[in-house]
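Visitor: Let me begin by handing over the structure; questions about it come next.
Any read-out appearing in this document is the output of simple, stated calculations on the displayed coordinates, not a laboratory observation. Only a predicted model underlies this, so the values are computations on that prediction, with no experimental measurement involved. Because the Cβ atoms are built from the backbone with ideal geometry, glycine has one as well, and the counts that use them run over all protein chains shown.
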Amino acid sequence: MSKALGNNPLFKSEPVEETAPATQVEEPKEELDEFMTMSFKVRRSLCKTLRDYAYTNRLEIQGALDKILTDFFGNIDLSTLLEAPEKTKKTRKKG
């Protein structure tokens, strides 16, 4: 087969230099313990508005909700708020 290909430069195999893989620079992420997962029932119209706000400002929904809540609570005197009690974990009964 090599005689049929002759001196075609497309079929010449040249040694390929192996380079070290490029290291990816990771962006600093916010600490995971700063966020908490919770479930809420929210009106559909407000969910749509939140999604539209996040899309318009090129934010993730989590970031948009964080900004909205931060702005809202920034206008409230937090010293007047009562501290909510922590919920206890319910244990499931086996059987």
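Visitor: Quick one: length gained pulling Phe40 to Leu78 fully straight, 0.36 nm per residue minus the C-alpha distance? Write down the numbers at each step before the final one.
Guide: Numbers: separation 38, 0.36 × 38 = 13.68 nm, distance 2.24 nm.
Additional length available on full extension: 11.4 nm.
Visitor: Exactly which chymotrypsin sites (Phe, Trp or Tyr not before Pro) in segment 29-78 are in a DSSP loop and have at most 11 other Cβ atoms within 10 Å? List each step's numbers first, then the result.
Guide: Details: sites: Phe35, Phe40, Tyr53, Tyr55, Phe72, Phe73; in loops: Phe35, Phe40.
Hits after loop and neighbour filter: Phe35, Phe40.
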